[in-house]
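For reference, the structure discussed in these notes is given below.
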Amino acid sequence: LASKEVKKEASIVRISDTLAIGGKELVVMAGPCSVENEEQIIESAIAVKAAGAQMLRGGAFKPRTSPYSFQGLEEEGLKLLAKARETTGLPFVTEVIDPDSVDLVASYSDMLQIGARNSQNFALLKKVGQIDKPILLKRGMSMTIQEFLMSAEYIMSEGNQSVILCERGIRTFETATRNTLDLSAIPVLKSKTHLPVVIDPSHGTGNYRYIAPMSFAAVAAGADGLIIEVHPDPEKASSDGPQSLKPKKFQALMDKLRLFAEAA
Ligand code: PEP
Ligand code: MN
């Protein structure tokens with residue numbers, strides 16, 4: 001169902017009445033890794049909106065590598081994201097980590113994220129395939145492109161065709177970056193599927209310094225969108241501070257991306 005052989009024209013995934021991913025316009029989703037408290041998420045939402053982001057991101061259920069790390073505010077986090085949406089008008093994407101909480105997360109959010117660690121959780125993929133909300137499917141850290149597309153099939157074969165693919169870096173021998181952002185996944189995926197492709201340079205590099213160059217490269221390679229971690233005070237973040245941009249740096253990136261889009 002994801003294959004270009006089945007459907008030649010590029011898919012446009014609708015997020016709201018006024019926003020879609022896969023069209024001409026680059027869609028930027030930005031916000032903190034985790035929702036931490038009301039002030040933090042509202043401040044983040046206002047900042048990313050002012051910079052020109054079209055969507056807010058923030059984790060309420062966090063799939064942490066260690067069980068002793070911050071696990072997220074859960075439903076309280078979803079409520080705070082909804083409040084941030086009310087304040088700014090930005091729709092939001094948030095992660096769902098198990099089949100039992102899909103309906104709860106879907107009742108609050110505009111798009112559901114399947115994280116890298118759950119990208120082959122077939123029960124979860126099937127469950128989000130049965131709901132009527134767009135799904136941002138991240139590539140697993142050790143996943144081939146073919147396996148990535150098969151995970152999309154798990155969702156689509158249950159009925160939900162609104163799938164967006166997200167490259168977020170894969171594991172290689174290189175340790176200078178957190179992951180190796182596979183930008184060649186953009187043209188490769190575009191040759192195989194009609195689904196929109198989004199790049200996550202934050203998890204892809206693990207270092208805020210590398211986010212801007214990788215964002216420009218992603219746009220040049222044909223990405224339909226970017227998902228970027230932005231935190232008002234990265235040093236104090238509960239998760240992923242080292243890869244989070246301060247609002248000022250994010251604003252500068254968005255200004256450059258605008259120039260880039262005009263030149264293209
Ligand atoms: C995230 O978006 O914060 C996240 C946990 O991403 P990934 O699943 O790509 O590691
Ligand atoms: Mn994160």
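Starting from residues that are among the polar types (S, T, N, Q) and more than 14 Å from Gln130 (Cβ to Cβ), keep the ones in the stretch 149-184 and report whichever is surrounded by the fewest Cβ atoms within 10 Å (Cβ to Cβ).
Selected residue: Thr175.
Looking at Ala221, Ala237, which is the one that is out of contact with any Asp or Glu (no Cβ under 6 Å at 6 or more places or on another chain) and farther than 21 Å from Leu26 by Cα?
Numbers: Ala221 fails: farther than 21 Å from Leu26 by Cα.
None of the other options fit; the residue is Ala237.
Please indicate, with yes or no, whether at least one residue in the stretch 48-58 is within 24 Å of Pro196 (Cα to Cα), touching a strand residue (DSSP E or B) at 6+ places or on another chain (Cβ under 8 Å), surrounded by 21 or more Cβ atoms within 10 Å (Cβ to Cβ) and among the β-branched types (Val, Ile, Thr).
yes
Looking at Lys248, is it more than 16 Å from ligand 1 (Cβ to nearest atom), over 22 Å from Glu25 (Cα atoms), at pLDDT 95 or above and exposed (fewer than 14 other Cβ atoms within 10 Å of the Cβ)?
Taking the combined requirement at face value, the residue satisfies it.
Residues that are over 22 Å from Ala10 (Cα atoms): list the helices (runs of 4 or more DSSP H) wholly contained in the stretch 147-264 that include at least 1 such residues.
Per the criteria, 201-205, 211-220, 247-263.
Of the numbered conditions (1) within 21 Å of Ile199 (Cβ to Cβ); (2) within 16 Å of ligand 1 (Cβ to nearest atom), Leu124 satisfies every one except a single condition; which is it?
(1)
Tell me, yes or no, whether the stretch 203-220 has at least one residue that is modelled with pLDDT of 95 or more, on the phi > 0 side of the Ramachandran plot and more than 13 Å from ligand 1 (Cβ to nearest atom).
The answer is no; no qualifying residue exists.
Do you know which of the residues in the stretch 71-98 that are part of a helix (DSSP H, G or I) and β-branched (Val, Ile, Thr) is surrounded by the most Cβ atoms within 10 Å (Cβ to Cβ)?
Here the residue is Thr88.
The values are calculated or read from the model by the stated rules, or taken from the named source; none is laboratory data. Computed from a predicted model, the values in this text were never measured in an experiment. As a convention, Cβ positions derive from the backbone with ideal geometry for all residues, glycine included, and neighbour counts pool all protein chains shown.
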